[in-house]
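Peer 1: This is the structure I want to talk about, given as structure tokens.
The values are calculated or read from the model by the stated rules, or taken from the named source; none is laboratory data. What you see is a predicted model; the values in this text were computed from it and never measured. Virtual Cβ from ideal backbone geometry, glycine too; neighbours counted across all protein chains shown. Side chains included, ligands, DNA and RNA excluded: accessible areas come from the protein's heavy atoms. Shrake-Rupley method; radii C 1.70, N 1.55, O 1.52, S 1.80 Å.
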Amino acid sequence: MQALWTMARENLDVTVVLCANRSYSILKIELGRVGAAGAGPRAASMLDLHDPEMNWARIGEGLGIESSRATTSEEFIAQYSSAMAQRGPRLIEAML
């Protein structure tokens, strides 16, 4: 968040690609490794980033950064190509 604010304030020529998988996947893996797999729904919800949704494209727009969300590889290629053809701060939220 602070980096996005700085990009906007300084009008930096930086493109951030944020890979959004909407979960703490590494923690799920580590829980399995220590034998804590099969946690109940409440415990599982603690590793999920859906409620509330963090919409980074909207957050970037709120900071004055041209932002977009790519849900397919074709969208990502188009958005990344556009970002590389322009100057200034840019955020692409790549949904995984």
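Peer 1: Evaluate the range 67-77: report whether one residue or more is over 14 Å from the mean Cα position of the chain (by Cα), over 27 Å from residue 29 (Cα atoms) and either buried (at least 19 other Cβ atoms within 10 Å of the Cβ) or not aliphatic (A, V, I, L, M) (or both).
Peer 2: Checked the range 67-77: at least one residue is over 14 Å from the mean Cα position of the chain (by Cα), over 27 Å from residue 29 (Cα atoms) and either buried (at least 19 other Cβ atoms within 10 Å of the Cβ) or not aliphatic (A, V, I, L, M) (or both).
Peer 1: Would you be able to say whether some residue in the range 24-40 is under 21 Å from residue 10 (Cβ atoms) and open to solvent by less than 100 Å² (accessible area, probe 1.4 Å)?
Peer 2: Residues of the range 24-40 under 21 Å from residue 10 (Cβ atoms): none.
Taking every residue of the range 24-40 in turn, none turns out to be under 21 Å from residue 10 (Cβ atoms) and open to solvent by less than 100 Å² (accessible area, probe 1.4 Å).
Peer 1: Additional query: Does at least one position in the range 21-33 carry a residue that is in contact with a helix residue (DSSP H, G or I) (Cβ under 8 Å, 6 or more places away or on another chain) and in a loop (DSSP other than H, G, I, E, B)?
Peer 2: The initial filter retains those residues of the range 21-33 that are in contact with a helix residue (DSSP H, G or I) (Cβ under 8 Å, 6 or more places away or on another chain), namely none.
No: zero hits.
Peer 1: If you don't mind, another one. Tell me, yes or no, whether the range 57-72 has at least one residue that is more than 22 Å from residue 2 (Cα to Cα) and in a loop (DSSP other than H, G, I, E, B).
Peer 2: Within the range 57-72, one or more residues are more than 22 Å from residue 2 (Cα to Cα) and in a loop (DSSP other than H, G, I, E, B).
Peer 1: Scan the range 37-52 for residues that are free of Cβ contacts under 8 Å to residues at least 24 places away in the same chain and not in a helix (DSSP H, G or I) and report the count. Talk me through it step by step, then tell me what you get.
Peer 2: Initial filter on the range 37-52 (free of Cβ contacts under 8 Å to residues at least 24 places away in the same chain): 37-46, 51-52.
With not in a helix (DSSP H, G or I) added as a condition, the list becomes 37-40, 46, 51-52.
Adding up the residues that qualify gives 7.
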